[in-house]
Amino acid sequence: MGPVHNFTILADYYQFYIQDDDVTFGDLSDAWTPEAVSRLLAVAPHTVGIGTVRNTKVVVTVEILEANCEIESGSFDRTNMCSIQIDTGRLVIAGCTDYFPDAARINCAPGLYQVLVGYKGLDTVSADGLEGQDSYHIYLWPAIHPYGGAV
């Protein structure tokens, strides 16, 4: 397992995102289809939007792994998988209304990554949506070509 990066992110509009550190990416407006909203996951080039069950600050952990590892999916209420292309070597983690230059960043090798998003505590959110123990866990590892080697 890699180092764990912990964040508290404002999930304004019930979402936050990870993306390549290139300001020209990040447009998820067409990606939030009804299916994506239901899945709590929207994917666009170089960007992944993670849906949340609260419209407030949420706990987010991010781990960048060297390879795929066995992650106990049973410890999550829900999981989603997708991929993300990182060209700049920096992954941005932010709420959709955050000021991009001030957003959190993690250094990583450029390339294509598999992404597993695990959602915990979804059923702990209060009726008014202000309190809860929900948390969002993101694992990334280099994508492997089906015939061997990194993509």
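The values are calculated or read from the model by the stated rules, or taken from the named source; none is laboratory data. Quick caveat, the model's predicted, so the values are computed rather than measured. We place every Cβ from the backbone using ideal geometry, glycine too, and count neighbours over all the protein chains shown.
Key figures
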| item | result |
| --- | --- |
| Residue identified as under 15 Å from the mean Cα position of the chain (by Cα), at pLDDT 95 or above, assigned to a strand (DSSP E or B) and surrounded by 13 or more Cβ atoms within 10 Å (Cβ to Cβ) among Ala36, Ala42 | Ala42 |
| 2 or more residues more than 12 Å from the chain's Cα centre (by Cα): qualifying strands (runs of 3 or more DSSP E) within the stretch 75-151 | 78-86, 104-107, 111-120, 135-142 |
| Those residues of the stretch 61-89 which are hydroxyl-bearing (Ser, Thr, Tyr) and either closer than 20 Å to Cys108 by Cβ or in contact with a His (Cβ under 7 Å, 6 or more places away or on another chain) (or both), in sequence order | Thr61, Ser83, Thr88 |
| Residues of the stretch 45-57 that turn out to be in a strand (DSSP E or B) and either in contact with a helix residue (DSSP H, G or I) (Cβ under 6 Å, 6 or more places away or on another chain) or closer than 20 Å to Phe25 by Cβ (or both), as a count | 5 |
| Checklist (1) modelled with pLDDT of 95 or more; (2) surrounded by fewer than 18 Cβ atoms within 10 Å (Cβ to Cβ) applied to Asp98, failing item | (1) |
| Test set (1) over 20 Å from Phe25 (Cβ atoms); (2) in contact (Cβ under 8 Å) with a residue 24 or more places away in the chain; (3) in contact with an Asp or Glu (Cβ under 9 Å, 6 or more places away or on another chain) - Thr124 fails condition number | (2) |
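Each row is one residue, and each column tells you yes or no for (1) of a type in the set (Val, Ile, Thr); (2) out of contact with any Ser or Thr (no Cβ under 8 Å at 6 or more places or on another chain); (3) surrounded by 14 or more Cβ atoms within 10 Å (Cβ to Cβ); (4) part of a helix (DSSP H, G or I).
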| residue | (1), (2), (3), (4) |
| --- | --- |
| Gly26 | no, no, yes, no |
| Val59 | yes, no, yes, no |
| Val62 | yes, yes, yes, no |
| Asn68 | no, yes, no, no |
